[in-house]
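Worksheet: one structure, shown below.
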Amino acid sequence: MRTTPPFRADHVGSLLRPKNLLAARADHAAGRISAEQLRAVADDAV
């Protein structure tokens, strides 16, 4: 393990979220869908 700079970090995966998940988050914030519905959309996106 390195304790002096430069440090290194690996990023695994994508920070981009599917459009349907972003829409579901917006709908949840606006009160149009429940937390359970948001969770189902998030689970499908994974």
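The values are calculated or read from the model by the stated rules, or taken from the named source; none is laboratory data. Remember, it's a predicted structure, so these values are computed and weren't measured experimentally. Note that each Cβ is placed from the backbone with ideal geometry, even for glycine, and that neighbours are counted across all protein chains shown. Please note that ligands, DNA and RNA were not included when accessible areas were found on the heavy atoms of the full protein model with its side chains. Shrake-Rupley method; radii C 1.70, N 1.55, O 1.52, S 1.80 Å.
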Taking region 1-24 and the residues there that are open to solvent by less than 100 Å² (accessible area, probe 1.4 Å) and assigned to a loop (DSSP other than H, G, I, E, B), the one that is modelled with the lowest pLDDT would be Gly13
Is it true that some residue in region 28-46 is at pLDDT below 95, part of a loop (DSSP other than H, G, I, E, B) and loosely packed, with under 13 Cβ neighbours inside 10 Å? yes
